[in-house]
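The values are calculated or read from the model by the stated rules, or taken from the named source; none is laboratory data. Here the structure is a predicted model, which is why all the values come from computation and not from measurement. Here the Cβ is made from the backbone with ideal geometry for all residues, glycine too, and neighbour counts use every protein chain on show.
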Amino acid sequence: MDFDSNRKLIAAALAAAGRGDRNALQTIYRLTAAKLFAVCMRILDERSEAEDVLQEVYMTVWRKAGIFDPALSSPMTWLIAIARNRAIDHLRARSQNRHMTPIEEAAELADDKPTADAALQGAQEQAQLQRCLDTLAGHERAALRGAFFDGNTYEELAERMKVPLGTMKSWIRRAMIKLKACLEQ
Amino acid sequence: MTDIGNHESFSADEMLAAEYALGVLAGTEREAATRRVARERAFAALVAKWEERLAPWAAEIPELAPPPQVWERIAAALPRATGQRAGFWQSLVFWRSFGVVSALAAACLAVLLYLSAGSQAALVASIEGQGQRIFVASVDVKHATVTVMPVAYRPDPTRVPELWLIPSGGKPLPLGVLTADRTAQIAIPPALAAQARRDGILAVSLEPPGGSPTGQPTGPVIGSGRLTNL
């Protein structure tokens, strides 16, 4: 199924789930659970916790489907944001600090190979984001990756990249400004 | 908070929205931002824009199927379907207007549905067991959906009907739980869509509420039918 049909189907199913239609939630689950589970696993790196979070994610979708606003968000963006926020909440609630593996810029570049997954997310949006990420400095892109994919805080990123906290904040903020400017060109 | 220096092109709210959407905030800063998303529409819109900008990055993460128990736990936690208002799938004018016609007419109408929709790639199956047509199904290949209408299905007091796709020479693949009294429209997961082709078998088994816990049929198969072109 292509991106556009999926997008319409998920949006319609969200509207139906918002009216209390369980079948519609199941449709959303069947289409998106593998993606959202992968997002949770990437952040939490712990299977049973990621499964618990995935359950919370779809219960949140069930409760909030009625307030999903297609004018504000695309359905996949909305779902991914719920999954990331839930996973990050769990991550932050862990009592112990995670062992932070250092981020090497060279490794980041080697890892920087997006795989096409155009069924759930538009290929055009992916290509544009990638093009703009490529305009950032390597250390900026590496820091954003650590935040987006691993759920790192400013403090954790500073530790992983061995720079003072203030430097990390300024890297990320500058990177976000450049990213927005590029995406809006 | 560290001075944001020469970042004057962003308002403080815009920067906070970007940081929240990226996920770098922690502790009270994150909690405060979460509260503002819930309460302030303008701030929520800024966050939504940033989520939209960043979300395509998630396409890099390869999909990973969760175990079937996750959906079972979700289904068990949902309020029961009884008394629920008519849903989107059930309000389809087409099915509602033909809800009482005979099984044969239903099959003909499934044909007409796809012809009138201009679909080039539609398959139908009559799901039969013990000499009775119990469900009629049509597959819209282009949109990877299967629409299943109950015909002579008699509800089981403790179990629910679940639909399976059996590719020729393959194992049953779960498509979703059906209901006794309403037409179900089920999206075929992208991973299974290629299997929904001519001569595949659609089968219905009886499963615990929420569907088979194992991903394979656990109860009796009460009917099956072969997918054929229109």
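Listed values, structure above:
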quantity	calculated
Scope the stretch B:120-174; condition among the charged types (D, E, K, R) and exposed (fewer than 15 other Cβ atoms within 10 Å of the Cβ); matching residues	B:ARG154, B:ASP156, B:LYS171
Index of the failed condition, B:ARG182 passing every other in (1) among the basic types (Lys, Arg); (2) touching a helix residue (DSSP H, G or I) at 6+ places or on another chain (Cβ under 6 Å); (3) more than 21 Å from B:PRO79 (Cβ to Cβ)	(3)
Residue in the stretch B:187-207 that is surrounded by fewer than 19 Cβ atoms within 10 Å (Cβ to Cβ), part of a strand (DSSP E or B) and modelled with pLDDT of 85 or more present	yes
Counted residues, the stretch A:141-185 - those being surrounded by fewer than 19 Cβ atoms within 10 Å (Cβ to Cβ) and touching a residue at least 60 places away in the same chain (Cβ under 8 Å)	2
Meets criteria (closer than 20 Å to B:GLU128 by Cα and touching an Asp or Glu at 6+ places or on another chain (Cβ under 6 Å)) for B:GLY223	yes
Residues of the stretch A:144-185 satisfying the condition of being in a loop (DSSP other than H, G, I, E, B) and acidic (Asp, Glu)	A:GLU184
Selected residue [hydrophobic (A, V, I, L, M, F, W, C), surrounded by fewer than 24 Cβ atoms within 10 Å (Cβ to Cβ), under 18 Å from the mean Cα position of the chain (by Cα) and under 18 Å from B:GLU60 (Cβ atoms)] from A:ALA50, A:ALA83, A:ALA38, A:ALA87	A:ALA38
Breaking point among (1) facing another protein chain (nearest Cβ under 8 Å); (2) within 24 Å of the chain's Cα centre (by Cα); (3) at pLDDT 90 or above, for B:ARG30	(2)
